[in-house]
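Just so you know, all these numbers are worked out from the coordinates, no wet-lab data involved. Keep in mind that this is a model prediction, so the values were computed, not measured. Quick reminder, even Gly has a Cβ in these numbers, built from the backbone with ideal geometry, and neighbours come from all protein chains shown.
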Amino acid sequence: MTEPTQGRKEAAERDRILEHSYDGIQEYDNPMPQWWVVTFWLTIVFSVFYYLNPFNTGVGSGMKAEYDADMVAFRAAHPANSGGGNARELLAVVARKSEVAEGKKIYAGKCAACHAADGGGMIGPNLTDNAWIHGGTIDSIYATVNNGVLAKGMPAWGKLLKDDEMQEVVAYVWTLRGSTPAKPKAAEGVVAAQ
Ligand code: HEC
């Protein structure tokens, strides 16, 4: 018997069925077709260019520029809360009925669940009496609402509301004082000096 030629040997090796059988399925162990291997390596080369975008190749503006543009858009949509409650500014907001009305809407949506719709208190304390756990001046109320009391379940609204929304809701809370809620929760904290 003559030795098989090199080519026939390779062909025989190529179409050799592997010994294992999974659920009755047997397989060859042949190399991937050339076109597939070439495409595979091209994608890897492409990915390097795509990642580094070295000379701003392609039509896009580049990752960094896109990221910066996204951040600018995000900051425009979510203006940072400046944090400070300024009593004079807040009292000026109280004086403007339309803003207090806005505050009432925010209160109904965000605060009533814990402080009751009329401010009488439920999970959170009564906001209509003159006793305050965290201080009853308008700027200390602002500070409490802004920073929250996370350990007690009062969210930090400064992170969730915009500057003007914060002022409006605090102005509304300020107007609740002295009102008569249906089911007032017992006073908590220290009675504020008027
Ligand atoms: C998930 C429940 C919850 C929500 C919602 C909530 N609060 Fe509170 N709030 C509390 C709790 C609980 C406390 C008491 C914290 C403590 O015991 O120190 C509190 C305390 C306060 C205080 C301080 C009261 C004091 O006696 O010093 C103010 C003012 C206040 N909340 C206003 C608001 C406003 C305004 C909103 C809506 C923007 C709001 N809260 C939404 C639970 C809540």
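See the values below:
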quantity	calculated
Per-residue [θ]222 nm for the chain (sum of -39500 (n - 2.57) over DSSP H runs n ≥ 4, rounded to 500)	-14000 deg cm²/dmol
Folded to 0 to 90 degrees: helix 63-77 orientation relative to the chain principal axis, Cα	20 degrees
Candidates Pro184, Pro33, Pro125: whichever shows maximal mean-square fluctuation once the chain is modelled as a Gaussian network with Cα springs under 10 Å	Pro33
Inter-probe distance in nm under a simple model that places probes 7 Å from Cα toward Cβ, at Ser47 and Ala156	3.8 nm
Least to most buried among Glu165, Glu89 (fewest other Cβ within 10 Å first)	Glu89, Glu165
The chain, relative contact order [Cα under 8 Å, separation at least 6], %	22 percent
Rh (Kirkwood; distinct C-alpha pairs) - the chain, Å	22.9 Å
Burial ordering of Ser21, Ser179, fewest other beta-carbon atoms within 10 Å first	Ser21, Ser179
Helix axis angle, 97-106 relative to the chain longest principal axis, alpha carbon, degrees	50 degrees
Residue order, fewest to most beta carbons within 10 Å, for Tyr107, Tyr51, Tyr142	Tyr51, Tyr107, Tyr142
Dipole of the chain [Lys/Arg +1, Asp/Glu -1 at C-beta], most positive-end residue of Phe74, Leu127, Gly158	Leu127
Net dipole in debye of segment 87-191 [+1 Lys, Arg Cβ; -1 Asp, Glu Cβ; about Cα centre; nearest 20]	220 debye
Acute angle (nearest 10 degrees) that the helix 163-176 long axis makes with the longest principal axis of the chain, alpha-carbon atoms	40 degrees
Kirkwood-based Rg to Rh ratio, segment 6-77, C-alpha trace	1.38
For segment 87-191, diffusion coefficient by Stokes-Einstein and Kirkwood Rh (Cα), 10 °C, 1.306 mPa s, µm²/s	119 µm²/s
